[in-house]
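Chemist: What follows is a single structure, and I will ask about it in a moment.
The values are calculated or read from the model by the stated rules, or taken from the named source; none is laboratory data. It should be emphasised that the depicted structure is a prediction, and the values quoted were computed from it without experimental measurement. Note: ideal-geometry Cβ built from the backbone for every residue, glycine included; neighbour counts use all protein chains shown.
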Amino acid sequence: MKFLKAIFLFALALTLLSACAHMVETDGGQPSVLGSIQERGELVVGTAGSMPPLNFTSKDGEVMGFEIDLAGDMAQAMGVTLNVQAMPFAELLPALEAGKLDM
């Protein structure tokens with residue numbers, strides 16, 4: 001069981017990191033997404049906060065879960081702070097496309 005959990009976590013991390021691979025490239029002198037995050041000093045992550053155990057909201061209103069822990073580790077590795085934005089699920093992709101969220 002621990003082996004399957006480790007495989008799942010590795011596959012999830014690999015998927016998230018490969019999805020970000022195209023963001024390192026610059027396009028015609030425009031700063032990369034990763035460069036923009038580091039300049040701003042903040043990684044903005046959107047979540048519905050309603051899909052345990054990946055993400056959920058506590059009684060105190062704090063968003064927690066595996067995705068939040070992973071995003072926190074990514075922000076720490078980048079040397080920036082984590083900003084978690086909870087919003088309805090249907091608004092996540094439009095906010096990402098509008099540049100309001102980094103991931």
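Chemist: Please find, within segment 42-74, the residue that is farthest from Lys100 (Cα to Cα) out of those that are touching a residue at least 40 places away in the same chain (Cβ under 8 Å), touching a strand residue (DSSP E or B) at 6+ places or on another chain (Cβ under 6 Å) and of a type outside the set (Asp, Glu).
Modeler: Thr47
Quick grid of which residues meet (1) under 26 Å from Phe10 (Cβ atoms); (2) modelled with pLDDT of 95 or more; (3) not hydrophobic (A, V, I, L, M, F, W, C):
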{"residue": "Glu39", "(1), (2), (3)": "no, no, yes"}
{"residue": "Leu54", "(1), (2), (3)": "yes, no, no"}
{"residue": "Glu62", "(1), (2), (3)": "no, no, yes"}
{"residue": "Phe66", "(1), (2), (3)": "yes, no, no"}
{"residue": "Thr81", "(1), (2), (3)": "no, yes, yes"}
{"residue": "Val84", "(1), (2), (3)": "yes, yes, no"}
{"residue": "Leu96", "(1), (2), (3)": "yes, no, no"}
{"residue": "Gly99", "(1), (2), (3)": "no, no, yes"}
